[in-house]
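The structure under discussion appears below in the form of structure tokens.
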């Protein structure tokens, strides 16, 4: 009697995790001559003994968990990324993380800067824009601009924008005025981005295989691609698919709609609608025209 055995090879390499780069001391946008401290971590595997590397615009800068810029120079502006490495017991004996998302550092050589929130905000949230002067000089007046249009003139350094809308997204700058050596000085900052996101992004309807003209009997799949930026937890998305404005069945939890065998009757314009019932939100996609030969 002959016995056959299936040999199953198990890959000892753990699945990749992603490094995370954060500013742990200081700001993302600051004056030249100031300090900033950046920390690398691996949130999905925090207990492992990781070693770290830091990169500036792809060039290796440091092999440490914490990377510091002391008395930073303008040339040190740019994107910083990090990655981790740890030892494992089996071949290949070491594994690396996926590199972190870029951390953008702006070192400003001017006399005034406008600091805006580094992370994107979501509509209905509040943004604080801060006009600062080098060396901590006391700011007597500030003028704030969106693009080239003056939007506020005030005594304080903070401009608060509440109940944000998508129209608030854009480039802002400020003119700072302060007293130095018994004389009034003024300087205008460089533009700085305020990024505002919708709670539910407008869906994009796409063909999975990219073909809009197909033969009868072909399998056709549509993707309804969107992104939820709302901060609320446990949100459920409902997908509705329509042809020529007519709904193709009940709501679905799937972001893909499949026609297994198309016929000429399936020729038409397809759209999708995404709804978050708990937030009373819905967004409509673009139209895709399918032609069946």
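For the stretch 218-245, give me each residue that is outside any loop (DSSP other than H, G, I, E, B) and over 22 Å from the mean Cα position of the chain (by Cα). Step through it out loud before you land on a result.
Of all residues in the stretch 218-245, those outside any loop (DSSP other than H, G, I, E, B) come to 220-225, 228, 238-243.
Across the stretch 218-245, the qualifying residues are 220, 221, 222, 238, 239, 240, 241, 242, 243.
Return yes when residue 185 is surrounded by 12 or more Cβ atoms within 10 Å (Cβ to Cβ), without any contact (Cβ under 8 Å) to a residue 12 or more places away in the chain, touching a strand residue (DSSP E or B) at 6+ places or on another chain (Cβ under 6 Å) and outside the structural domain of residue 230 (by TED's automatic domain parsing) and no when it is not.
Criteria not met by residue 185.
Quick check on residue 57: is it touching a strand residue (DSSP E or B) at 6+ places or on another chain (Cβ under 6 Å) and at positive phi? Working first, answer last.
Working: touching a strand residue (DSSP E or B) at 6+ places or on another chain (Cβ under 6 Å): yes; at positive phi: yes.
Yes; evaluated as a whole, the condition is true for this residue.
Rundown of residues vs (1) out of contact with any helix residue (DSSP H, G or I) (no Cβ under 8 Å at 6 or more places or on another chain); (2) at pLDDT below 95; (3) outside any strand (DSSP E or B); (4) within 30 Å of residue 230 (Cα to Cα), yes/no style:
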position	(1), (2), (3), (4)
164	yes, no, yes, yes
167	yes, no, yes, yes
173	yes, no, no, yes
185	yes, yes, no, no
216	no, yes, yes, no
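Among the residues of the stretch 225-245, write down those that are within 15 Å of residue 290 (Cα to Cα) and surrounded by 17 or more Cβ atoms within 10 Å (Cβ to Cβ).
241, 242, 243 - these are the residues of the stretch 225-245 that are within 15 Å of residue 290 (Cα to Cα) and surrounded by 17 or more Cβ atoms within 10 Å (Cβ to Cβ).
Mind checking which residues of the stretch 188-211 are over 30 Å from residue 132 (Cα atoms) and either in contact (Cβ under 8 Å) with a residue 40 or more places away in the chain or touching a helix residue (DSSP H, G or I) at 6+ places or on another chain (Cβ under 6 Å) (or both)? Let's see the steps before the verdict.
The initial filter retains those residues of the stretch 188-211 that are over 30 Å from residue 132 (Cα atoms), namely 199-211.
Residues satisfying the conditions are 199, 200, 201, 202, 203, 204, 205, 206, 207, 208.
Output the residue which, of all residues in the stretch 13-41 that are closer than 18 Å to residue 70 by Cβ and outside any strand (DSSP E or B), is farthest from the chain's Cα centre (by Cα).
The extreme case among them is 33.
How about the stretch 246-293: which strands (runs of 3 or more DSSP E) wholly inside it have at least 1 residues that are at positive phi and surrounded by 14 or more Cβ atoms within 10 Å (Cβ to Cβ)?
So the answer is 268-276.
Could you tell me whether residue 130 is touching a strand residue (DSSP E or B) at 6+ places or on another chain (Cβ under 8 Å) and over 24 Å from residue 20 (Cα atoms)?
Answer is yes for this residue.
Which of the residues belonging to the stretch 112-126 are more than 12 Å from the chain's Cα centre (by Cα) and buried (at least 19 other Cβ atoms within 10 Å of the Cβ)?
112, 113, 114, 115, 116
The values are calculated or read from the model by the stated rules, or taken from the named source; none is laboratory data. This one's a predicted model, so the numbers in the text were calculated from it and none came from an experiment. Cβ sites come from the backbone with ideal geometry, for glycine too, and all protein chains shown count toward neighbours.
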